[in-house]
1. Out of A:Thr51, A:Thr68, report the one residue that is surrounded by 17 or more Cβ atoms within 10 Å (Cβ to Cβ), among the hydroxyl-bearing types (Ser, Thr, Tyr) and in contact with a Gly (Cβ under 7 Å, 6 or more places away or on another chain).
2. Going through the range A:169-184 one residue at a time, which ones are in contact (Cβ under 8 Å) with a residue 40 or more places away in the chain and either more than 16 Å from ligand 2 (Cβ to nearest atom) or of a type in the set (Val, Ile, Thr) (or both)?
3. Tell me whether the range A:112-120 contains one or more residues that are more than 24 Å from A:Leu198 (Cβ to Cβ) and either surrounded by fewer than 21 Cβ atoms within 10 Å (Cβ to Cβ) or within 16 Å of ligand 1 (Cβ to nearest atom) (or both).
4. Counting only residues that are within 25 Å of A:Leu210 (Cα to Cα) and not in a strand (DSSP E or B), which one in the range B:68-101 is farthest from the other protein chains (Cβ to nearest Cβ)?
5. (1) more than 24 Å from A:Thr274 (Cα to Cα); (2) among the hydrophobic types (A, V, I, L, M, F, W, C); (3) touching a residue at least 24 places away in the same chain (Cβ under 8 Å); (4) touching a strand residue (DSSP E or B) at 6+ places or on another chain (Cβ under 9 Å): which one isn't true of A:Ile136, the others all being true?
6. Kindly indicate whether A:Leu75 is open to solvent by less than 50 Å² (accessible area, probe 1.4 Å) and either on the phi > 0 side of the Ramachandran plot or modelled with pLDDT of 90 or more (or both).
7. Of the numbered conditions (1) facing chain B (nearest Cβ under 7 Å); (2) surrounded by fewer than 21 Cβ atoms within 10 Å (Cβ to Cβ); (3) within 23 Å of A:Met55 (Cβ to Cβ), A:Ala156 satisfies every one except a single condition; which is it?
Amino acid sequence: MEKELVINGYRKSFGKSLLYTLPVFLITFVFMSGGRPDFSDPARLVALLVTFAGMNLLYFLMHYTGRTDRYRAILFIIFALSLSFTLISNIVQMRNSMSFSQSDIVECRIPFCHLVIPMMIIPAAFTKSIIFPGSIIGGFADISSMVILWLFATIALGRGFCSWGCFYGGWDDGFSRIRKKPLLKKISDSWKWMPFALLLMVMLTAAMTLVPTYCDWICPFKAVTEFEQVTDTESAIKAGIFISLFGGLVVALPVVTRKRTQCSFLCPLGAINTLSNKITPFTVKIDNEKCTKCYKCTTVCPLFALSREDVNGGRVSVFCSKCGKCVDVCPNNAIHFGIKGVPAGSFRNFSRNLFLFVSFIFISIFSAGSIINTIQSLLNFIIS
Amino acid sequence: MKKIKIISGIIWAFMALIIILILFPGLNSFSVALSKLPFMKINPNFAGGDAAFSYVQERCTLVVRKPVFDGLLSERKHGFVQLDWRGELPDVISDTIDFDRDGGSDFVVNLKRNDAVTVINPLSDLVTGLNVSVPTSYGWTVRVGLKRE
Amino acid sequence: MAESFILGLSSGSVCLVTCGMVMFPYMMARTAGAKAITADLAVFLATRFLVYALLATIVWFAGQSLLRSPVFTNYTSGFLYIVFSIMLIWYAIEKRPSKTCPAAVVAKIEKRKLVPVFLGVVNSLALCPSLLLILTKGATQATLGKSYLSFLGFFAGSSLWFLPVPAIGLVKKKNVIETVGIFATGLAGTIFIIKGILMLIR
Ligand code: SF4
Ligand code: SF4
């Protein structure tokens with residue numbers, strides 16, 4: 001296995017790894033338990049302990065093994081699954097079905113998700129209002145908190161949000177890992193510009209119609225969260241689009257290409273996160289002196305962020321989501337997490353430690369609630 | 001210059017750390033602050049418009065909202081007026097509405113709740129027909145399509 | 001009008017890249033400085049505007065005399081939307097290297113001052129699928145005013161792309177604009193296909 005040949009420069013001793021895990025241990029403990037664990041519901045307590053221990057183990061392993069991507073991916077995928085589970089069970093509890101009805105729209109009860117953000121911008125500027133039938137504050141997935149969460153994360157992590165925060169990205173990340181080798185290797189990377197075209201179109205159509213057109217017509221994740229009841233031909237066409245985009249871009253293509261095709265070719269928020277990559281301090285750097293141009297990194301990059309030209313030019317493109325896959329696979333430790341302004345090759349360990357701390361804190365606290373809920377529900381289900 | 005770049009990069013990275021560290025403890029207060037900004041309200045096309053006036057009936061209240069024609073830059077040609085019945089509703093509702101309060105009735109709503117059948121009889125040229133009729137947590141809501149004068 | 005604007009905006013970039021790149025180096029070769037280019041651009045856009053106004057009038061009257069029944073109008077325009085949208089998508093994705101602007105012929109014109117006028121005329125009349133879609137829309141509008149509005153929307157959307165032309169020397173990522181434009185055109189085509197289907201089945 002080629003991966004075993006990698007001489008990993010980020011491995012730490014057991015004790016040192018424990019030491020690095022300690023701050024995350026304390027912070028996650030405070031946030032998950034509120035400082036005072038609730039002993040009255042055993043299922044909840046077990047769920048909390050499992051989540052807490054699991055997360056800290058993953059963070060420990062990132063330091064102990066020196067690898068990032070596989071442990072990040074475990075949490076990222078579990079987050080995606082558990083969030084869909086939580087969302088669906090919430091919706092089913094509220095309405096006895098996975099689809100939302102006209103009443104939910106009229107009463108503005110639709111849970112908000114960050115993918116709506118690009119479509120809100122122009123109408124908010126011109127009409128001073130939000131074109132989404134959700135709750136501004138309070139209630140499940142309200143607009144204000146979701147916007148704040150995304151805004152802070154995208155400023156701090158840039159497109160790192162797409163590998164360390166987005167509760168949809170885990171779906172195609174998961175499917176892209178099912179096969180060991182890709183069946184389809186040649187895909188033109190010009191498709192990575194599609195999200196920008198889609199961003200332009202959805203922003204304009206949403207502004208013109210005052211309807212979040214991406215949610216209304218395109219979002220593949222409707223297939224795993226909630227969708228409009230099929231009552232006529234139009235809603236049937238919409239449901240067809242949601243399901244085929246999910247089947248094609250989130251399941252089938254990631255399986256055969258080992259790439260995150262939905263995130264690379266469709267998501268308009270991904271395009272905005274790509275732009276915010278310009279301001280975030282964290283990046284991935286290539287040390288030209290160490291790089292032997294083996295191009296292993298370009299092959300594994302799931303987001304078409306690293307072409308051969310990029311490697312030859314000694315820089316990772318703005319599409320990078322800082323997943324760490326290329327860093328893990330590089331046999332010469334030439335590609336590494338870095339900080340903007342700091343030359344490639346220097347402060348490598350420091351940059352990695354700082355970036356992992358920031359991004360892991362974000363994903364662990366953000367995902368904890370839904371993971372705990374899911375485990376608790378599963379435990380309750382098993383017990384009953 | 002190189003040193004300045006390195007130092008500012010590292011400072012920015014630490015600021016990113018602080019941003020994430022204050023995010024979760026401060027989430028509630030940040031969200032409340034955001035929700036108070038002038039554009040943080042649901043567009044009337046979804047929310048149904050502000051209440052214009054109400055009729056207090058025997059066991060329920062009928063709230064008539066202001067007509068909604070909101071477009072991006074100007075008013076649209078087609079819009080709607082929303083009616084909310086709140087409280088304990090009778091099985092059959094029949095109300096005559098003068099939504100613009102010009103003294104002339106504009107339409108009659110006939111609603112049979114049990115069969116979920118709603119019929120709108122327009123009495124004015126401005127009324128185009130039924131848009132939405134749904135049960136809600138507070139009673140029932142009907143949206144009636146309108147044309148702008 | 002909104003739809004026409006979006007269509008103009010999405011296909012305008014391809015228009016700029018295929019046509020603009022033929023026209024403006026030519027214009028720039030003749031003129032010196034951004035001021036003169038801006039003047040040429042103004043003439044070019046004004047000509048386009050006039051041609052569109054003329055087209056709006058012609059197609060609307062043609063539509064009135066040919067497509068009287070609303071059922072017929074819906075079916076015909078639904079069908080034409082689908083056909084022209086497929087053409088639009090094909091036009092966007094096909095990689096024929098000779099995809100150049102019909103306005104290239106203008107380069108042969110002797111009288112230099114008329115160049116922007118001719119460019120405007122030829123560019124507006126280049127029967128690209130987006131224009132065919134707008135012609136269909138214009139022909140099936142209820143009033144002449146609405147037909148004008150459709151063309152105005154298309155004109156505004158597609159002209160936006162030409163506005164930065166005086167600063168064209170500064171545009172570095174031409175291929176990025178072109179790629180995004182091609183995808184946007186394809187998406188606009190898809191929107192119109194769905195619209196066409198909905199018109200047929202409703
Ligand atoms: S590209 Fe979109 S769906 Fe994918 S991770 Fe980023 S925001 Fe989420
Ligand atoms: S360049 Fe590396 S870190 Fe960035 S997305 Fe690709 S594999 Fe992940």
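The values are calculated or read from the model by the stated rules, or taken from the named source; none is laboratory data. Remember, predicted model here, so these are calculated numbers, not experimental data. All Cβ positions, even for glycine, are placed from backbone atoms using ideal geometry, and neighbour counts span all protein chains on display. The protein model used for the area step is the full one, side chains on, heavy atoms only, and it has no ligands, DNA or RNA in it. Shrake-Rupley method; radii C 1.70, N 1.55, O 1.52, S 1.80 Å.
1. A:Thr68
2. Hits for the range A:169-184 are A:Trp171, A:Phe175, A:Ile178, A:Arg179, A:Lys181, A:Leu183, A:Leu184.
3. Checked the range A:112-120: no residue is more than 24 Å from A:Leu198 (Cβ to Cβ) and either surrounded by fewer than 21 Cβ atoms within 10 Å (Cβ to Cβ) or within 16 Å of ligand 1 (Cβ to nearest atom) (or both).
4. Here the answer is B:Asp100.
5. (3)
6. Yes.
7. Of everything listed in (1) facing chain B (nearest Cβ under 7 Å); (2) surrounded by fewer than 21 Cβ atoms within 10 Å (Cβ to Cβ); (3) within 23 Å of A:Met55 (Cβ to Cβ), A:Ala156 misses just condition (2).
A quick yes/no check of all residues on (1) within 30 Å of A:Gly160 (Cβ to Cβ); (2) at the interface with chain A (Cβ under 9 Å from one of its Cβ atoms); (3) of a type outside the set (Val, Ile, Thr); (4) in contact with a strand residue (DSSP E or B) (Cβ under 7 Å, 6 or more places away or on another chain):
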position: B:Ile19; (1), (2), (3), (4): yes, yes, no, no
position: B:Met40; (1), (2), (3), (4): yes, yes, yes, yes
position: B:Ala52; (1), (2), (3), (4): no, no, yes, yes
position: B:Leu62; (1), (2), (3), (4): no, no, yes, yes
position: B:Lys66; (1), (2), (3), (4): no, no, yes, yes
position: B:Gly103; (1), (2), (3), (4): no, no, yes, no
